[in-house]
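This report concerns only the one structure given below.
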Amino acid sequence: MIAKRIAAIFGCVLFVLLTSATFPARAADAYLFAIMKQKAYRDAFVASVAAEKDLPAWIGQITGKEDYVAEPETHTTIDGVTYRLFHACKPHDCPNNELEVMFSPGGAPAYALLIEDKKPDRWFGKPNAAQQAALTQALDE
């Protein structure tokens, strides 16, 4: 009886090991709250919104308190440059309050698009037309 249980457990362990080995290894997903702990990224984000007036309170959470909803990092390439994209939104109101942040290699400069309920879209960091298109596309996905 004990031999059968050991054989069953061994079979289960072997099954898990064999099936998990078929999936490629993947680095841990990066989130905006994690990247904001790096000075270059935090400084670039702050610089992109520094001159802005009347920012929603939840945007102020991005550089420290982490009281927002975040999704894993994605990437986009524009003119041969790969940018890091991060999506964030207001807790309990994501469909109406979204932010897409794009960082250049190394963190700076940063660009962002803010969508607020019933307000015009706001661009931060002066993204060019291609960068605006990438930010818009990322928000639509």
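Points to keep in mind about this one:
- Thr74 farther than 17 Å from Phe124 by Cβ, surrounded by 13 or more Cβ atoms within 10 Å (Cβ to Cβ), in contact with a strand residue (DSSP E or B) (Cβ under 8 Å, 6 or more places away or on another chain) and modelled with pLDDT of 90 or more: yes
- Residues of the stretch 94-141 that are charged (D, E, K, R) and surrounded by 14 or more Cβ atoms within 10 Å (Cβ to Cβ): Glu98, Glu100, Glu116, Arg122.
- Residue check for Phe86: closer than 15 Å to Val49 by Cβ, without any contact (Cβ under 8 Å) to a residue 60 or more places away in the chain and buried (at least 21 other Cβ atoms within 10 Å of the Cβ): yes
- In the stretch 89-141, the residues that are under 19 Å from Tyr31 (Cα atoms), polar (S, T, N, Q) and touching a Phe, Trp or Tyr at 6+ places or on another chain (Cβ under 8 Å): Asn97, Ser104
The values are calculated or read from the model by the stated rules, or taken from the named source; none is laboratory data. Everything quoted here is computed from the prediction, not taken from an experiment. Counting neighbours? That spans all protein chains shown, and the Cβs are built from the backbone with ideal geometry, glycine included.
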